[in-house]
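Novice: My questions will all concern the structure given below.
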Amino acid sequence: MTALAHEPLTQEEVLLEGFLALDTPEGFRAELIEGEIVVTPPPDGDHEDYIELVVNQVYGRSRTRMQFSGNKGLTLQSGGGCPKDRVIPDGTFAPRELRLYRGAESWMPCEGVAMVLEVTSTKPKADREAKRRCYARAGIPLYLLVDRDASSITLFSDPEKDDYREQCTRPLGKPLALPEPFAFELDTADFL
(Lines give C-alpha, C1' and ligand atoms only; values in the text may rest on other atoms or scores of the structure.)
Protein backbone atom coordinates (compact mmCIF):
# COMPACT_ATOMS: atom_id res chain seq x y z
CA MET A 1 0.00 0.00 0.00
CA THR A 2 1.39 3.36 -1.00
CA ALA A 3 0.62 6.53 0.91
CA LEU A 4 -0.54 9.40 -1.25
CA ALA A 5 1.44 12.60 -0.95
CA HIS A 6 -0.64 15.65 -0.16
CA GLU A 7 0.30 19.16 -1.04
CA PRO A 8 0.73 21.18 2.12
CA LEU A 9 -1.97 23.76 2.72
CA THR A 10 -1.03 27.36 2.18
CA GLN A 11 -1.38 29.86 5.01
CA GLU A 12 -4.39 31.35 3.21
CA GLU A 13 -6.10 27.94 2.97
CA VAL A 14 -5.47 27.23 6.65
CA LEU A 15 -6.89 30.64 7.60
CA LEU A 16 -9.99 30.12 5.45
CA GLU A 17 -10.58 26.59 6.78
CA GLY A 18 -10.21 27.82 10.36
CA PHE A 19 -12.59 30.69 9.70
CA LEU A 20 -15.24 28.50 8.08
CA ALA A 21 -15.02 26.05 11.00
CA LEU A 22 -15.66 28.72 13.65
CA ASP A 23 -18.60 28.13 15.94
CA THR A 24 -19.46 31.59 17.24
CA PRO A 25 -21.90 32.06 20.13
CA GLU A 26 -25.48 32.91 19.18
CA GLY A 27 -25.85 36.52 18.08
CA PHE A 28 -22.14 37.02 17.43
CA ARG A 29 -20.84 37.25 13.90
CA ALA A 30 -17.48 36.33 12.47
CA GLU A 31 -15.99 37.93 9.38
CA LEU A 32 -12.75 37.44 7.47
CA ILE A 33 -11.55 40.93 6.61
CA GLU A 34 -8.21 41.43 4.84
CA GLY A 35 -6.73 38.26 6.30
CA GLU A 36 -7.97 38.87 9.86
CA ILE A 37 -10.80 37.06 11.63
CA VAL A 38 -13.05 39.64 13.31
CA VAL A 39 -15.75 38.56 15.78
CA THR A 40 -18.32 41.10 16.95
CA PRO A 41 -20.97 40.84 19.68
CA PRO A 42 -24.68 41.38 19.09
CA PRO A 43 -25.53 45.02 18.33
CA ASP A 44 -27.26 47.39 20.73
CA GLY A 45 -30.73 48.81 20.12
CA ASP A 46 -29.54 52.17 18.76
CA HIS A 47 -27.51 50.33 16.10
CA GLU A 48 -30.63 48.46 14.97
CA ASP A 49 -32.72 51.64 15.08
CA TYR A 50 -30.41 53.37 12.57
CA ILE A 51 -30.69 50.39 10.23
CA GLU A 52 -34.49 50.44 10.42
CA LEU A 53 -34.58 54.18 9.70
CA VAL A 54 -32.58 53.65 6.49
CA VAL A 55 -34.51 50.56 5.39
CA ASN A 56 -37.87 52.22 5.97
CA GLN A 57 -36.94 55.16 3.73
CA VAL A 58 -35.46 52.94 1.01
CA TYR A 59 -38.64 50.86 0.89
CA GLY A 60 -40.88 53.92 0.87
CA ARG A 61 -38.94 56.36 -1.30
CA SER A 62 -36.50 54.55 -3.60
CA ARG A 63 -37.15 54.95 -7.33
CA THR A 64 -36.19 51.29 -7.82
CA ARG A 65 -37.90 48.68 -5.64
CA MET A 66 -35.26 47.16 -3.41
CA GLN A 67 -34.79 43.99 -1.44
CA PHE A 68 -32.96 44.21 1.88
CA SER A 69 -31.03 41.61 3.79
CA GLY A 70 -29.63 42.18 7.25
CA ASN A 71 -26.44 40.32 8.06
CA LYS A 72 -26.07 38.55 4.67
CA GLY A 73 -22.66 36.99 4.16
CA LEU A 74 -20.84 38.26 1.07
CA THR A 75 -17.76 36.76 -0.54
CA LEU A 76 -15.58 39.57 -1.87
CA GLN A 77 -12.35 39.84 -3.81
CA SER A 78 -9.46 40.27 -1.40
CA GLY A 79 -6.22 42.17 -1.54
CA GLY A 80 -2.75 40.69 -1.48
CA GLY A 81 -2.36 36.98 -0.82
CA CYS A 82 -5.36 36.75 1.49
CA PRO A 83 -8.25 34.36 0.94
CA LYS A 84 -11.44 35.95 -0.35
CA ASP A 85 -12.89 38.35 2.20
CA ARG A 86 -16.06 37.14 3.87
CA VAL A 87 -17.91 40.17 5.14
CA ILE A 88 -21.34 40.54 6.72
CA PRO A 89 -22.69 44.06 6.17
CA ASP A 90 -25.31 45.38 8.57
CA GLY A 91 -27.46 45.72 5.48
CA THR A 92 -27.36 44.77 1.81
CA PHE A 93 -29.66 46.29 -0.81
CA ALA A 94 -30.29 44.88 -4.28
CA PRO A 95 -32.92 45.65 -6.92
CA ARG A 96 -35.99 43.53 -6.18
CA GLU A 97 -36.23 42.34 -9.77
CA LEU A 98 -32.89 40.48 -9.38
CA ARG A 99 -34.07 38.35 -6.42
CA LEU A 100 -30.42 37.92 -5.39
CA TYR A 101 -31.17 36.37 -2.02
CA ARG A 102 -33.46 33.63 -3.30
CA GLY A 103 -31.54 30.35 -3.22
CA ALA A 104 -28.30 32.09 -2.18
CA GLU A 105 -25.79 30.20 -0.05
CA SER A 106 -24.75 31.52 3.38
CA TRP A 107 -21.84 33.28 1.67
CA MET A 108 -22.96 34.68 -1.67
CA PRO A 109 -21.10 36.67 -4.35
CA CYS A 110 -21.80 40.39 -4.39
CA GLU A 111 -22.64 40.82 -8.09
CA GLY A 112 -25.90 42.76 -8.34
CA VAL A 113 -25.66 44.38 -4.89
CA ALA A 114 -26.55 48.08 -5.23
CA MET A 115 -25.51 49.29 -1.76
CA VAL A 116 -24.17 48.03 1.54
CA LEU A 117 -24.90 49.68 4.87
CA GLU A 118 -22.77 49.74 8.00
CA VAL A 119 -23.53 51.38 11.34
CA THR A 120 -20.47 51.78 13.56
CA SER A 121 -20.42 49.83 16.80
CA THR A 122 -17.64 48.07 18.70
CA LYS A 123 -15.07 48.21 15.86
CA PRO A 124 -15.67 51.54 14.07
CA LYS A 125 -12.22 51.58 12.46
CA ALA A 126 -13.06 48.37 10.57
CA ASP A 127 -16.23 50.00 9.17
CA ARG A 128 -14.42 53.22 8.25
CA GLU A 129 -11.36 51.64 6.65
CA ALA A 130 -11.05 47.88 6.12
CA LYS A 131 -14.66 47.23 5.12
CA ARG A 132 -14.64 50.30 2.88
CA ARG A 133 -11.64 48.86 1.02
CA CYS A 134 -13.31 45.44 0.79
CA TYR A 135 -16.50 46.86 -0.68
CA ALA A 136 -14.59 49.05 -3.15
CA ARG A 137 -12.40 46.12 -4.34
CA ALA A 138 -15.58 44.11 -4.89
CA GLY A 139 -17.03 46.89 -7.04
CA ILE A 140 -20.10 47.47 -4.86
CA PRO A 141 -21.39 50.78 -6.27
CA LEU A 142 -22.49 52.42 -3.01
CA TYR A 143 -21.39 52.12 0.61
CA LEU A 144 -23.46 53.96 3.23
CA LEU A 145 -21.77 54.44 6.61
CA VAL A 146 -23.62 55.74 9.65
CA ASP A 147 -20.81 56.82 11.99
CA ARG A 148 -22.28 57.10 15.47
CA ASP A 149 -19.05 58.41 17.06
CA ALA A 150 -18.73 61.21 14.50
CA SER A 151 -22.52 61.85 14.38
CA SER A 152 -22.32 61.71 10.59
CA ILE A 153 -23.46 59.73 7.59
CA THR A 154 -21.21 59.14 4.58
CA LEU A 155 -22.02 57.82 1.15
CA PHE A 156 -19.02 56.34 -0.66
CA SER A 157 -19.43 55.90 -4.42
CA ASP A 158 -17.48 55.26 -7.62
CA PRO A 159 -15.35 52.29 -6.51
CA GLU A 160 -11.91 51.92 -8.03
CA LYS A 161 -9.31 49.39 -6.88
CA ASP A 162 -9.04 49.57 -3.07
CA ASP A 163 -11.23 52.60 -2.39
CA TYR A 164 -14.09 54.80 -3.48
CA ARG A 165 -13.25 57.90 -5.50
CA GLU A 166 -16.23 59.91 -4.25
CA GLN A 167 -17.59 60.46 -0.79
CA CYS A 168 -20.23 62.77 0.65
CA THR A 169 -20.39 63.23 4.42
CA ARG A 170 -23.25 65.00 6.14
CA PRO A 171 -23.86 65.57 9.85
CA LEU A 172 -26.73 63.54 11.25
CA GLY A 173 -29.86 65.64 10.98
CA LYS A 174 -29.05 66.84 7.44
CA PRO A 175 -30.33 65.07 4.30
CA LEU A 176 -28.04 62.96 2.15
CA ALA A 177 -28.76 62.41 -1.55
CA LEU A 178 -28.73 58.78 -2.66
CA PRO A 179 -28.12 58.44 -6.42
CA GLU A 180 -29.69 55.97 -8.86
CA PRO A 181 -31.02 53.37 -8.48
CA PHE A 182 -32.37 54.93 -5.26
CA ALA A 183 -32.72 58.55 -6.43
CA PHE A 184 -34.01 60.23 -3.27
CA GLU A 185 -32.76 62.30 -0.34
CA LEU A 186 -32.27 60.24 2.80
CA ASP A 187 -33.70 62.21 5.70
CA THR A 188 -31.51 61.84 8.80
CA ALA A 189 -33.47 64.14 11.14
CA ASP A 190 -34.72 61.13 13.12
CA PHE A 191 -31.13 59.86 13.50
CA LEU A 192 -30.48 62.41 16.27
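Novice: Give the range 143-171 a look and list any residue that's surrounded by 15 or more Cβ atoms within 10 Å (Cβ to Cβ) and acidic (Asp, Glu), or say none.
Specialist: So the first thing to find is which residues in the range 143-171 are surrounded by 15 or more Cβ atoms within 10 Å (Cβ to Cβ), and the list is 143-148, 150, 152-157, 159, 163-164, 170.
147, 163 - these are the residues of the range 143-171 that are surrounded by 15 or more Cβ atoms within 10 Å (Cβ to Cβ) and acidic (Asp, Glu).
Novice: Do we find that residue 140 is under 24 Å from residue 63 (Cα atoms) and more than 14 Å from the chain's Cα centre (by Cα) in this structure?
Specialist: Numbers: under 24 Å from residue 63 (Cα atoms): yes; more than 14 Å from the chain's Cα centre (by Cα): no.
No.
Novice: Working carefully through the options 120, 154, 188, find the one that is within 13 Å of the chain's Cα centre (by Cα), modelled with pLDDT of 95 or more and within 21 Å of residue 49 (Cβ to Cβ).
Specialist: Working: 154 fails: within 13 Å of the chain's Cα centre (by Cα); 188 fails: within 13 Å of the chain's Cα centre (by Cα).
After applying the criteria, what remains is 120.
The values are calculated or read from the model by the stated rules, or taken from the named source; none is laboratory data. Bear in mind that the values here come from a model prediction, so they are computed numbers and not experimental data. Every residue, glycine as well, gets a Cβ built from its backbone with ideal geometry; the counts of neighbours run over all protein chains shown.
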